[in-house]
Amino acid sequence: MPDLGEPSSYLLLGKGAAVYSSDGEKVGDVEHVLADEERDIFDGIVLDTSVLPGGHRFVDADQVAEVFDLGVELQLDP
């Protein structure tokens, strides 16, 4: 897994950020973040796993190990 920078907040996570599995394999890119910002509740992310339509997958907040400046590390295997 490349250097993803410093630990960050889901509030700063943007579309296109790289998403990596627990073993460092890139599994997709952030499509959008699901959250209730007013109540500061992070629900998870939707990631795009394909260059073709229909490759969206939901990852629950409990399955996100860490959010960094340049990407996300999951607690899941590919």
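The values are calculated or read from the model by the stated rules, or taken from the named source; none is laboratory data. The structure presented is a predicted model; accordingly, all values stated were derived computationally and were not measured. Note that each Cβ is placed from the backbone with ideal geometry, even for glycine, and that neighbours are counted across all protein chains shown. Keep in mind that these areas ignore ligands, DNA and RNA; they rest on the heavy atoms of the full protein, side chains included. Shrake-Rupley method; radii C 1.70, N 1.55, O 1.52, S 1.80 Å.
Annotations
- Considering only L34, S9, V46, the residue lying farthest towards the positive end of the dipole of the chain is V46, judged by Cα position with unit charges set on Cβ.
- Average accessible area per residue (Å²) across the stretch 6-78 - probe 1.4 Å, nucleic acids and ligands excluded: 62 Å²
- In this label model, Q63 and D23 are separated by 1.6 nm, measuring between points 7 Å along each Cα→Cβ vector.
- Percent RCO, i.e. relative contact order, over the chain, from Cα pairs under 8 Å lying at least 6 residues apart: 35 percent
- Under 5 Å from the amide H of A65 lie the amide H atoms of E73, L74, Q75, each residue being 5 or more positions distant or on a separate chain, with H modelled from the backbone and absent for Pro and chain starts.
- Accessible carbon and sulfur surface of the chain relative to its total accessible area, %, 1.4 Å: 47 percent
- Per-residue packing, averaged as other Cβ atoms within 10 Å, sorts the ranges 45-55, 22-32 into the order 22-32, 45-55, beginning with the highest.
- Per-selection Kirkwood Rh - the chain (Cα, Å, 1 d.p.): 12.3 Å
- For the chain, size of Cβ-based charge dipole, Lys and Arg +1, Asp and Glu -1, in debye: 280 debye
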